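Derivation of every value follows stated rules applied to the coordinates shown; laboratory data play no part. Here the structure is a predicted model, which is why all the values come from computation and not from measurement. Positions of Cβ are backbone-derived with ideal geometry, glycine not excepted, and every protein chain shown enters the neighbour counts.
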Amino acid sequence: MRTRLAAGTAVLLVLTLAAPASAAGPLKHNTTRWVGSAVAAQHLAAEADYRKVLTREFDSVTPENEMKWGTVEAVRGQYDWSGADAIVAYAGKTGKSIRGHTLLWHSQLPDWVGGLEAAELRGVVREHIAVEAGRFRGKIRAWDVVNEAFNEDGTRRQTVFQTKLGDGYIADAFRWAHAADPKAKLYINDYNVEGLNAKSDATYELVKSLRRQGVPIHGVGIQAHLSLMYGFPEGVRENIARFAALGVDVAITEADVRIPLPVTPEKLASQADYFGRVWDACHAVKRCVEFTTWGFTDRHSWVPDVFPGEGAACLFDENLRPKPAYHRLNRHR
Ligand code: G2I
């Protein structure tokens, strides 16, 4: 009996050691967190290989642009839900969970919203949240309710919402979203809040204060747009842990790691290390419940448009081949 067991263990060990990284199976099978990607409806419709890899590897999707106010109501009162509905339908068919992005953001905001006076703006924001969160009620696991509300120094960003509606607009947005979809987890989401710094301090203080007031906020979204040019942020694990200690969930919502071009094997190894450190920090904290990347293929990424000279920020290359960063994440856990 003892011999058989030992032999079995040895066989298992040999198999494990001999198994190539790809034998780990899809990413979604090797983590206890939601593992997601931003997705664009037009690629989902047009590219079978894109759809196949997304479906195989991930169990959550975030519409990259399709749920933004500027997309759904570019003209006042004229709604276009086509992209959002297509992604929701895809998720329904394939059993994916959905992260909604985003109800209130100063960017990709329809022009007509910017010109409104305070009283009208408040009503319009309330209506927008009620309509959008209400339309997808019960279908969205988590919403990025308020996106990018802070400056780097921790002061409030002077958006149209902040300047016209005042500090209370954030609490209001969460209350309105909760009324529209009571089961969705409601998040505040931002970039450059991975580590310990003035912006993550401000986010921490805000969440603490909102929780004390009984505002329905359930999570902090950490975007994690990283670049090899700026080094790895300090204190990511501690930062995630302090948010979790407030009694909220944490999600990595938009992870990518930009590479100064050209790509080299060394840079791909550093990219894998950056991705891996965020992944490990999330897995070290029980309430870090999601790891989502901002797109999954270098074929489609926002990075080269916004940061000339940088790119290749995703887990898969243009031809959908997994990169070292993918293998770094995709180990049996
Ligand atoms: O900027 C990266 C992300 C930062 N956090 C919030 C995210 O919502 C944001 O996503 C990006 C999208 O990946 C881009 O695809 O948001 C950009 C807008 O600020 C998106 O870019 C826009 C282009 O600016 C438009 O010209 C284009 O029509 O995408 C639109 C749709 O392709």
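Throw me the Rg/Rh for the chain, computed over C-alpha atoms with Kirkwood Rh, two decimals. Before the final figure, lay out each step's value.
On the way: Rg = 20.7 Å, Rh = 20.8 Å.
My calculation of the ratio gives 1.00.
Which value, in debye to the nearest 20, gives the size of the charge dipole of the stretch 238-333 about its Cα centre, when Lys and Arg are +1 and Asp and Glu are -1 at the Cβ? All intermediate terms of the calculation are to be shown ahead of the outcome.
Details: 12 positive and 13 negative charges, 81 e Å.
Roughly 400 debye, rounded to the nearest 20.
List residues of the stretch 240-284, by number, whose backbone nitrogen lies under 12 Å from a label position 7 Å along Cα→C-beta of residue 306.
254-258
Tell me the label-point distance for the pair residue 167, residue 106, using the 7 Å Cα-to-Cβ offset, in nm and rounded to one decimal.
It works out to 1.8 nm between the two label points.
Select from 24, 301, 257 the residue farthest towards the positive end of the dipole of the chain; place +1 on Cβ of Lys and Arg, -1 on Cβ of Asp and Glu, and compute about the Cα centre.
Of the listed residues, the answer is 24.
Report the label-to-label distance for residue 78 and residue 234 in nanometres (one decimal), using points 7 Å from each Cα along the Cα→Cβ vector.
Label-label distance for residue 78 and residue 234, simple model: 5.2 nm.
With labels modelled as points extended 7 Å from the Cα through the Cβ direction, what inter-label distance (nm, one decimal) is found for residue 157 paired with residue 269?
Label-label distance for residue 157 and residue 269, simple model: 3.7 nm.
Anyone know which of 133, 179, 224 comes out most mobile in the 10 Å Cα GNM of the chain?
Sorting by GNM fluctuation, first place goes to 179.
Give me the net charge for the shell around residue 189: Cβ to Cβ below 11 angstrom, other residues only, Lys and Arg +1, Asp and Glu -1.
-3
Could you compute the net charge surrounding residue 122? Neighbours are other residues with a C-beta less than 13 Å from the C-beta of residue 122; K and R count +1, D and E count -1.
Values: positive: 126, 164, 175; negative: 117, 120, 127, 172.
Overall, the nearby charge balance is -1.
Counting only DSSP beta bridges with both residues in the stretch 222-312, what percent are antiparallel, rounded to the nearest 5? Provide the component values of the computation, followed by the final result.
Working: 2 of 10 bridges.
Around 20 percent of the beta bridges assigned by DSSP in the stretch 222-312 are antiparallel ones.
What net charge do the residues around residue 92 carry, taking every other residue with its C-beta under 11 Å from that of residue 92, with Lys and Arg at +1 and Asp and Glu at -1? Spell out each step's value before the answer.
On the way: positive: 93, 96, 139; negative: 85.
Residues close to residue 92 contribute a combined charge of +2.
Pairs to check: 185/208; 96/208; 28/286. Give those whose C-alpha atoms are more than 23 Å from each other in this structure.
Values: 185/208 16 Å; 96/208 31 Å; 28/286 17 Å.
From the list (185/208; 96/208; 28/286), the Cα-Cα distance tops 23 Å for 96/208.
Rounded to the nearest 500, what is the 222 nm mean residue ellipticity of the chain from helices alone, with -39500 (n - 2.57) per DSSP H run of 4+ residues and division by all residues?
Values: 14 runs with 143 residues, N = 333.
Calculated at 222 nm, the ellipticity per residue is -12500 deg cm²/dmol.
Lone cysteines in the chain, going by a 4.7 Å Cβ-Cβ cut-off?
314
Projecting each Cα onto the charge dipole of the stretch 90-215 (Lys/Arg +1, Asp/Glu -1 at the beta carbon, about the Cα centre), which of 123, 133, 108 comes out farthest on the positive side?
Farthest towards the positive end: 133.
For the chain, find the longest principal axis of its Cα atoms and tell me its angle to the long axis of helix 265-283, 0 to 90°, nearest 10.
It is inclined by approximately 70 degrees.
Under a Cβ-only charge scheme (Lys and Arg +1, Asp and Glu -1), can you give me the dipole magnitude of the chain about the Cα centre, in debye to the nearest 20?
Working: 41 positive and 39 negative charges, 342 e Å.
It works out to roughly 1640 debye.
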